[in-house]
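*Asks:* To start, I am sharing the structure in question, which I have written as structure tokens.
The values are calculated or read from the model by the stated rules, or taken from the named source; none is laboratory data. Note that the structure is a prediction, hence the values are computed from the model and not measured. Don't worry about glycine lacking a Cβ; one is built from the backbone with ideal geometry, like all the others, and counts go over all protein chains shown.
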Protein chains: 4
Amino acid sequence: MEAFSDGVFAIAITLLVLDLVAPSVTEGGVGRLLIDRWPTYLAYLVSFASIGAAWLSHSTITEYLDRADSVLLRLNLLLLLFVSVLPFPTRMLGEYLRETGAERIAVTVYGLNLLAISGLTSVLWHYAVSERLIKGDLADDDARAITSKLNPSLAFYAVTIAIGLLVPVAAVVLYFAIALYLLIPFRVIARQLRRRPAR
Amino acid sequence: MEAFSDGVFAIAITLLVLDLVAPSVTEGGVGRLLIDRWPTYLAYLVSFASIGAAWLSHSTITEYLDRADSVLLRLNLLLLLFVSVLPFPTRMLGEYLRETGAERIAVTVYGLNLLAISGLTSVLWHYAVSERLIKGDLADDDARAITSKLNPSLAFYAVTIAIGLLVPVAAVVLYFAIALYLLIPFRVIARQLRRRPAR
Amino acid sequence: MEAFSDGVFAIAITLLVLDLVAPSVTEGGVGRLLIDRWPTYLAYLVSFASIGAAWLSHSTITEYLDRADSVLLRLNLLLLLFVSVLPFPTRMLGEYLRETGAERIAVTVYGLNLLAISGLTSVLWHYAVSERLIKGDLADDDARAITSKLNPSLAFYAVTIAIGLLVPVAAVVLYFAIALYLLIPFRVIARQLRRRPAR
Amino acid sequence: MEAFSDGVFAIAITLLVLDLVAPSVTEGGVGRLLIDRWPTYLAYLVSFASIGAAWLSHSTITEYLDRADSVLLRLNLLLLLFVSVLPFPTRMLGEYLRETGAERIAVTVYGLNLLAISGLTSVLWHYAVSERLIKGDLADDDARAITSKLNPSLAFYAVTIAIGLLVPVAAVVLYFAIALYLLIPFRVIARQLRRRPAR
């Protein structure tokens, strides 16, 4: 299960680059065109960070798993469906972000996809805990970080989807902020900072 | 063999997203266009579920394998040929499903591909059993589920290919149903339901 | 080294499907178009079989490897260069096979690519043997099959490249035959056939 | 972490082939067209060698890693961002290298990407050493080669970016030279040459 899941995460995160199409030279100045296409690059960055954060949570869960049962394997497959489909809303976001009318649909579909990834990661984790499929105690920073971050991030996604209906671009920036919040190990950094002066 | 096979399954299932092309804005209202393209999304979903089900069967087989002989490695490569080519009939399905005349060919080629995946998984399993390449006993739920599900699903695929010649869209829905039948662990769920009230 | 190599082989073999473009319906009858595009399907099949055969040889070599030194890692990377670039000549083959003038170049470039894969696999194997990087004895069928098949296949490729300059299509069929020769475990089948009646 | 990273490296290096588009026959003589497109092939080769060299450094680092902490996992993800985005500047390089005005931007963006990969590999290595995440001593050739090659290559990239502003094509050739410098194990070859005559 781990090799297959890692493969899907790695491929989905790398396929994102295929939508970074180089503008053809005849269209005008390359420098200006590259700047004009900022929605594509923003969408790339947000999706990379989001899949990266989802992979981090997922790899911590699989690390703590003692064994996988039939239901967990299927829940995992459902999670991978939403991870591997993310390049599609990412492409829509890059194309529609500056088109009035279309950008609302694109940002909402994108947000629902991120919510599904986050929600299913949470379901996977709680199922593993409730069915006692995990090993040992959860003393590690990463494991505690999962439990303490998964639930709030679900709420963040729900709120941001609502914001996206009013100000689409603001939602994209917030999706990036949520991914960074999931990625940055505040707890560990704080502890290392406390430890440093004591040396 | 396992790493390479898992890789091919993971890549084939993730490449499917490349055919979910975002409609260009100038073509009309984005919302309506997304709805118009339902055959593409249906084809994506059916193929994801079918490859997912094939991967589940395959990973259960490799889990039970004690060793692989020369013939098994080649049978496995033949199975991977049909897994990795599936994105092509999927693309045809998404494009032709609403075109009279073309949709019959697309649905039939698609069904033959699924039949080949299912048939070769069955051959792989029976070869491994008959050549005593598997380890221990087959007491586990998943292993019994394979044996009890592989043969009927072959028959389902054959019948559905025939139905597809008459009502192409119905066949696509049935292919999705077969994949769900292969994916849902009825046996395990039933046992857990029986166990729950006893607590 | 093994995980990375297996990854490159798995991706190269699966990316081949991206060049199987479904003909657009407006071009004419789908059935006839699918038949018209036989060079694309032939090229797909030959490349799948060739990468499959190269992976089989490569995985047998890595299985026998005891350790890898710096030079072996670089030779392996050079082999992976030619494996991962094969989808490009495959695409050319599918497009040019029926164009007079262009098909000679396409078939020759394709043959040189296959020759490079075969030659570098041979170099990798002989380097590993001469530097004593392999473990134990070479008593296994697969290992003996490598030694006995690698050198003749190099000669086959060289001869077929020459044939391709005269009759391009014949060369493509021969490349498929060489891949099958590399894939089919004659030795093992013969022994099993001898063993069967004795039971 | 290793399986996911190896996956991203393997996919990024193999996706490069998708930009080697076969010229359509109607455009003119195929042979001449293939020669005309040399910037695409040069860009492919430089990127393959650069990702290959980055993978070699990365796999040596992970080999020496005893364990990974939270910060290291995030640094690694940042490195993978620049590895997986490289196919985009590669595409730009292949398209713009002969266009006056555009080629300067393409070569500079490409160089900055290579500098980021090299710099983050260096940061990853020094972080692992300073936080004592590596195991044992660094007696091995590969480990010493990393330490002795990472810092100079950073300087080489910085200088070549400056050269690229004046003579873009020269910079591309120099990027290839840097990748070869990172790939060729001079130290090991020299020792083997010294050892040979003594036999």
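*Asks:* Filter region A:158-199 for residues that are of a type in the set (Val, Ile, Thr), at pLDDT below 90 and surrounded by 14 or more Cβ atoms within 10 Å (Cβ to Cβ) and give the result.
*Replies:* A:Ile184, A:Val188, listed by residue number.
*Asks:* Shifting gears a bit: Mind telling me which of the residues D:Leu124, D:Leu154 ends up being surrounded by fewer than 19 Cβ atoms within 10 Å (Cβ to Cβ) and either at pLDDT 85 or above or among the polar types (S, T, N, Q) (or both)?
*Replies:* That would be D:Leu154, the only listed residue that is surrounded by fewer than 19 Cβ atoms within 10 Å (Cβ to Cβ) and either at pLDDT 85 or above or among the polar types (S, T, N, Q) (or both).
*Asks:* Quickly run through region C:64-75 and pick out the residues that are within 10 Å of another protein chain (Cβ to nearest Cβ) and either among the β-branched types (Val, Ile, Thr) or under 28 Å from C:Phe176 (Cβ atoms) (or both).
*Replies:* C:Val71
*Asks:* Output the residues belonging to region A:105-118 that are under 20 Å from A:Ala12 (Cα atoms), in contact with a helix residue (DSSP H, G or I) (Cβ under 6 Å, 6 or more places away or on another chain) and not hydroxyl-bearing (Ser, Thr, Tyr).
*Replies:* A:Ala106, A:Val107, A:Val109, A:Gly111, A:Asn113, A:Leu114, A:Leu115, A:Ala116, A:Ile117
*Asks:* Is one or more of the residues making up region C:14-23 under 15 Å from the mean Cα position of the chain (by Cα), at the interface with chain D (Cβ under 9 Å from one of its Cβ atoms) and in contact (Cβ under 8 Å) with a residue 24 or more places away in the chain?
*Replies:* Within region C:14-23, one or more residues are under 15 Å from the mean Cα position of the chain (by Cα), at the interface with chain D (Cβ under 9 Å from one of its Cβ atoms) and in contact (Cβ under 8 Å) with a residue 24 or more places away in the chain.
*Asks:* Identify the residue in region D:127-136 that is in a helix (DSSP H, G or I) and away from chain A (no Cβ under 14 Å) and, among all such residues, is surrounded by the most Cβ atoms within 10 Å (Cβ to Cβ).
*Replies:* D:Ala128
*Asks:* Could I ask something else about it? Give B:Pro39, B:Pro23 a once-over and let me know the one that is modelled with pLDDT under 90 and within 29 Å of B:Ile184 (Cβ to Cβ).
*Replies:* Just a single option satisfies the conditions, and that option is B:Pro39.
*Asks:* Also, I was wondering about something else. Could you grab me the full set of residues in region D:52-63 that are under 14 Å from the mean Cα position of the chain (by Cα) and at the interface with another protein chain (Cβ under 10 Å from one of its Cβ atoms)?
*Replies:* D:Gly52, D:Ala53, D:Trp55, D:Leu56, D:His58, D:Ser59
*Asks:* Next up: All but one of (1) at pLDDT 90 or above; (2) surrounded by 24 or more Cβ atoms within 10 Å (Cβ to Cβ) hold for D:Tyr44, so report the exception by its number.
*Replies:* (2)
*Asks:* Among residues belonging to region B:79-94 that are within 9 Å of chain C (Cβ to nearest Cβ) and touching a Leu at 6+ places or on another chain (Cβ under 7 Å), point out the one that is surrounded by the fewest Cβ atoms within 10 Å (Cβ to Cβ).
*Replies:* Checked region B:79-94; the qualifying residue surrounded by the fewest Cβ atoms within 10 Å (Cβ to Cβ) is B:Phe88.
*Asks:* Out of curiosity, is C:Gly52 in contact (Cβ under 8 Å) with a residue 12 or more places away in the chain and small (Gly, Ala, Ser)?
*Replies:* The answer is yes for C:Gly52.
*Asks:* On to the next question. Test each condition in (1) more than 22 Å from D:Thr14 (Cα to Cα); (2) buried (at least 20 other Cβ atoms within 10 Å of the Cβ); (3) touching a Pro at 6+ places or on another chain (Cβ under 9 Å) for D:Ala102 and report the one that comes out false.
*Replies:* In the conditions (1) more than 22 Å from D:Thr14 (Cα to Cα); (2) buried (at least 20 other Cβ atoms within 10 Å of the Cβ); (3) touching a Pro at 6+ places or on another chain (Cβ under 9 Å), D:Ala102 misses (3) alone.
*Asks:* Can we say B:Leu97 is surrounded by 18 or more Cβ atoms within 10 Å (Cβ to Cβ), in contact with an Asp or Glu (Cβ under 6 Å, 6 or more places away or on another chain) and at negative phi?
*Replies:* Yes; evaluated as a whole, the condition is true for this residue.
*Asks:* Going by the structure shown, is C:Leu15 modelled with pLDDT of 85 or more and out of contact with any helix residue (DSSP H, G or I) (no Cβ under 6 Å at 6 or more places or on another chain)?
*Replies:* No: the conditions fail for C:Leu15.
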